[in-house]
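Accompanying notes for the structure given below.
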Amino acid sequence: MTSKVGLMVIGLIFWAVTAGLFFVGGWVFNSYKHFDEIAEANFTLIPASIIIAVGVLMFIVGIVACIAAFKENKCLLAVLFSFMLVILTALVTSGSLGYAFRKDVSNAVESGLDKAINAYHPNSTQKDQLDYLQRNLKCCGVNNASDWINAKNWAPTANKSVPKSCCVSGINCTLAQRKMYNDPKYIYQQGCYEKLEHIFMYNLGYIAGIAVGLAVIMCLGMICSCILFCRSKEVRYEALGGQYSGLRV
């Protein structure tokens, strides 16, 4: 009885978790959408894609878990166990990839920002995203504002100034103030590399943590399904009305 109730509860938890997984996966994709032209870290979307796929499977498994627990049908319990084993494998893979990619994020983000700053000009595809990045993360350049002084496309015509997106929020910088790139009153002093790296690291860490937590729930579900499978009885036929009645149920 305890295993039956436990499996039904886990099935309901799966439905709730499905919504959470879709939210987390969508949040990671939305975060990357603003930086896809300037950060070469699109591999961070692989764990997020796996999480969304797991969410779809978990919704189906939630339904199967409730039905299997209610009917204690061996066939359904076997199907449920197989589904949960597949999801557990996906979760382990997602968590492992999330951890493994942490080492590559740093180089990818720095390389992407370097290329974006050197390619920055009014008609470049990176301009809008780089301006968005600097305004919203309140940063300037890769490591600091001085990176703009040597930017390939920007420096020759900028007269040793930084873009307007480097200006401190609430200040309408003049050209003279944008030349004072070492002055924290007008220009953000922290580089974007550290802040953007933190976003990607946080996303990967969040995904890895969710994968571990769900893997524990999945293991509990598999244990409950195994117990119910072993306890469920085959349909037995017994003779009624004596040895020669021929009636069986």
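At a 1.4 Å probe radius, carbon and sulfur cover how many percent of the accessible area of the stretch 93-142? About 47 percent, which is the carbon plus sulfur part of the accessible surface.
For the stretch 133-202, the relative contact order works out to 42 percent when only alpha carbon pairs closer than 8 Å and six or more residues apart are counted.
Dimensions of the stretch 150-214 along the principal axes, based on C-alpha atoms and rounded to the nearest Å, stand at 54, 28, 15, largest first.
Annotation: per residue accessible area for the stretch 58-210 equals 51 Å², rounded to a whole number [probe 1.4 Å, protein chains only].
The values are calculated or read from the model by the stated rules, or taken from the named source; none is laboratory data. As the structure is a computational prediction, the values presented were derived from the model and not from experiment. With ligands, DNA and RNA removed, areas are computed over all heavy atoms of the protein, side chains included. Shrake-Rupley method; radii C 1.70, N 1.55, O 1.52, S 1.80 Å.
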